[in-house]
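Peer 1: This is the structure I have questions about; it appears just below.
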Amino acid sequence: MRHTITLKTSKREELVDITRQVEDFLGESGVQNGILSAYAQGATSAIMIQENWDESVQTDVINCLEKLIPRGVWLHDRQDGNGDSHLKAGFMGPSETIPIIDGKLGLSRWQNIFLCEFDGPRSQRKVVCTIIPGHL
Amino acid sequence: MRHTITLKTSKREELVDITRQVEDFLGESGVQNGILSAYAQGATSAIMIQENWDESVQTDVINCLEKLIPRGVWLHDRQDGNGDSHLKAGFMGPSETIPIIDGKLGLSRWQNIFLCEFDGPRSQRKVVCTIIPGHL
Amino acid sequence: MRHTITLKTSKREELVDITRQVEDFLGESGVQNGILSAYAQGATSAIMIQENWDESVQTDVINCLEKLIPRGVWLHDRQDGNGDSHLKAGFMGPSETIPIIDGKLGLSRWQNIFLCEFDGPRSQRKVVCTIIPGHL
């Protein structure tokens, strides 16, 4: 089973919580056990599992990456001006694989699924979710 | 097939080798080919594949992350004092997917599976292992 | 279905594009939907999804990691002189999981699959590709 989540981003860099959309897809599939793979299409976006109590951690992620991978100092900036975006996306990675436990995502209390936007705003970002059923 | 490894950590930050527990689960499953997904529940822990010749690399991991992501300077610290723990966990990531080859984990000679503790000590950390059988 | 891509690297650190080899394997399998897991064996190598328009991003990846994780300052250097290689490999991670969509890899226009070499040159690096078929 496969479902592509399409979303819009509104800043150059932000984390967008997509947990509910992924849960909805899993619920509709009826699958009880196995794994769910979330994959961000786009070489300047990524998937991160992170807390979503408030905005603090998401802002810390953006600020921390900005210090580690500054803007405007990369070879690739001569082409697109987004060398830092590619580095952030590649280092964080586009894929996470999450267990399915009794029909629900096996996330812990403080784990949410985020699309990381590193080169927005974009009218359309896509996350491909694939469910592979398993046996108990 | 699914199995949750439960373990205890003894420091704020450490890498705990769980390769043997994962291998035991795979052995009991009898599965010969496919993939095994290891997923760390907990937004301040992660999974890392790393060498385990002695303690040196594990200590280097903790020290390197401490320099890149210092303690006490994050927005989230006002809430829990563990902003750095969340950043480290999100950047390293909770999931790794390992091939199953002839009934064994497809790790190379120097690859071991570690739970990374970034906000311990904790009495209970959980790693969900899911086996998806495949065909040759 | 499983296939191991074997390749040779020519520098201490470089990114080698293996997208075509992975696509060829997928094509031969005839699988239309599901996931493909790419796993780099070797504790000083990794898999990264990244742009391949020209050499710029790959060079930026190597240079950025060199600044974040310098050579020669790690405990593990006393053993093998490759402490930085292990850190880079562990942080980037050996596995990525990619959706299979209508018989093709679900990469976007600018996403390619790279083996990251962090301790070469090596006569033989191995990437294990496992296809798990799924249903639409």
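Peer 1: So what are the ³J(HN,Hα) numbers for the range A:108-123, from phi and the Karplus equation (6.51, -1.76, 1.60; θ = phi - 60°), rounded to whole Hz, Gly and Pro as x?
Peer 2: 7, 3, 10, 9, 10, 9, 10, 7, 9, 9, 10, 8, x, x, 10, 6
Peer 1: I've got another one for you. Residues of B:39-52, mean number of Cβ from any other protein chain within 10 Å of their own Cβ, rounded to a whole number?
Peer 2: What the average comes to for B:39-52 is 6.
Peer 1: Report relative contact order for chain B in percent, whole number only (criteria: Cα-Cα under 8 Å, sequence separation at least 6).
Peer 2: Worked out over chain B, it gives 53 percent.
Peer 1: Determine the shape class of chain A: with a ≥ b ≥ c the square roots of the Cα gyration tensor eigenvalues, call it rounded for a/c under 1.5, and otherwise prolate if a/b is greater than b/c, oblate otherwise.
Peer 2: prolate
Peer 1: Gain in length, A:Arg71 to A:Leu7, computed as 0.36 nm per residue apart minus the alpha-carbon separation, to one decimal in nm?
Peer 2: 20.5 nm
Peer 1: Can you list residues from other chains, or at least 5 along the same chain, whose modelled amide H is less than 5 Å from the amide H of B:Ile18?
Peer 2: Under 5 Å from the amide H of B:Ile18: B:Ile113, B:Phe114, B:Leu115.
Peer 1: Does anyone have the angle between helix B:83-92 and the longest principal axis of chain B? Alpha-carbon axes, 0 to 90°, nearest 10?
Peer 2: Long axis of B:83-92 versus the principal axis of chain B: about 30 degrees.
Peer 1: Using a 7 Å offset from the Cα along the Cα-to-Cβ direction at both C:Arg20 and B:Arg20, what is the distance between the two label points in nm, to one decimal?
Peer 2: 4.6 nm
Peer 1: By its C-alpha gyration tensor, with a ≥ b ≥ c as the square roots of the eigenvalues, how is the range C:55-103 shaped: rounded for a/c under 1.5, else prolate for a/b larger than b/c, else oblate?
Peer 2: In terms of gyration-tensor shape, oblate.
Peer 1: While we're on this one: In deg cm²/dmol, rounded to 500, what helix-only [θ] at 222 nm does the protein assembly as shown give when every DSSP H run of at least 4 residues adds -39500 (n - 2.57) and the total is split over its residues?
Peer 2: Calculated at 222 nm, the ellipticity per residue is -7500 deg cm²/dmol.
Peer 1: Which of rounded, prolate or oblate describes the protein assembly as shown when judged by the alpha-carbon gyration tensor and an a/c cut-off of 1.5?
Peer 2: Cα axes put the protein assembly as shown in the rounded bin.
Peer 1: In addition: Under the Karplus relation 6.51 cos²θ - 1.76 cosθ + 1.60, θ = phi - 60°, what is the ordered set of whole-Hz ³J(HN,Hα) values for the range C:52-67, x standing for Gly and Pro?
Peer 2: Working through the residues one at a time gives 9, 5, 8, 7, 4, 5, 4, 5, 4, 4, 4, 5, 5, 5, 5, 6 Hz.
Peer 1: Shifting gears a bit: What is the sum of charges, Lys and Arg at +1 and Asp and Glu at -1, for the other residues whose Cβ falls under 9 Å from the Cβ of B:Gln41?
Peer 2: +3
Peer 1: Same structure, new question: At 7 angstrom along the Cα-to-beta-carbon line, where would the label on A:Lys67 sit relative to the other copies? Give the distances in nm, shortest first.
Peer 2: Copy-to-copy label distances at A:Lys67, shortest first: 1.5, 1.5 nm.
Peer 1: Follow-up. As an exercise, identify the trypsin sites (Lys or Arg not before Pro) in the range A:59-121 lying in DSSP coil whose Cβ has no more than 15 other Cβ atoms within 10 Å.
Peer 2: Sites meeting the loop and neighbour criteria: A:Arg71, A:Arg109.
Peer 1: I would also like to ask the following. Compute the long axis of helix C:19-29 from its Cα atoms, compare it with the longest principal axis of the Cα atoms of chain C, and write down the angle in degrees, 0 to 90, nearest 10.
Peer 2: So the helix axis and the longest Cα principal axis differ by about 30 degrees.
Every read-out reported here was derived from the displayed coordinates using simple, explicitly stated rules and does not represent laboratory data. As the structure is a prediction and not an experimental result, all values here were calculated from the model. Ideal geometry is used to build each Cβ from the backbone, glycine not excepted, and the neighbour counts take in all protein chains shown.
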